[in-house]
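The values are calculated or read from the model by the stated rules, or taken from the named source; none is laboratory data. Just so you know, these numbers come straight off a predicted model, no measurement behind them. Every residue, glycine among them, receives a Cβ derived from its backbone with ideal geometry; neighbour counts consider all protein chains shown. Keep in mind that these areas ignore ligands, DNA and RNA; they rest on the heavy atoms of the full protein, side chains included. Shrake-Rupley method; radii C 1.70, N 1.55, O 1.52, S 1.80 Å.
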Amino acid sequence: MAKSDGDLTQIPWPEPVLLALEEPGQYVTIATTQAASWAMIEDWPTEDGPALDRALLICADVVKGKRTNEEARRAFIDAAVEAGIDIQR
């Protein structure tokens, strides 16, 4: 099955990430690179940081087929840790 450029970011991650973006104890499930990108752009508590910048770049690289969804997932978790967001593992 051929994939268009945008499809990779919408493939569900094998292990979704649950994190408290809104308030402590209220977890949001992030299960795709596309959802991770939107969360970091729209809902992130910090505007910048090395891990956040790296995660956004990796998510963009997934769209281009240069990186994997697993790399995006790991970078997303690193960015959440950097921002002090509570993650449920």
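Overview of values
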read-out	value
Dipole magnitude of the stretch 35-78, debye to nearest 20 (Cβ charges: Lys/Arg +1, Asp/Glu -1, about Cα centre)	300
Computed [θ] at 222 nm, helices only, for the chain once each DSSP H run of length n ≥ 4 contributes -39500 (n - 2.57)	-12000 deg cm²/dmol
Normalised alpha carbon radius of gyration of the chain [divisor 2.2 N^0.38 Å]	1.03
FRET efficiency estimate (nearest 0.05) - Cβ-Cβ, D48 to E15, R0 25 angstrom	0.40
Whole-number percent relative contact order across the chain, with pairs defined as alpha carbons under 8 Å at least 6 apart	35
Rg over Rh, two decimals, the stretch 27-67 (C-alpha only, Kirkwood Rh)	0.97
Solvent accessible area, Å² - I58, 1.4 Å probe, full protein context	0
Using alpha-carbon coordinates, inclination of helix 69-83 to the longest axis of the chain, degrees	20
Long-range HN-HN contacts of V28 with modeled amide H, under 5 Å	L19, A20, L21
Dipole moment magnitude, nearest 20 debye, the chain about Cα centre, only Lys, Arg, Asp, Glu C-beta charged	460
Acute angle (nearest 10 degrees) that the helix 50-63 long axis makes with the longest principal axis of the chain, alpha-carbon atoms	30
Dipole axis of the chain (+1 Lys, Arg; -1 Asp, Glu on Cβ), positive-most option in T29, T68, A55	T68
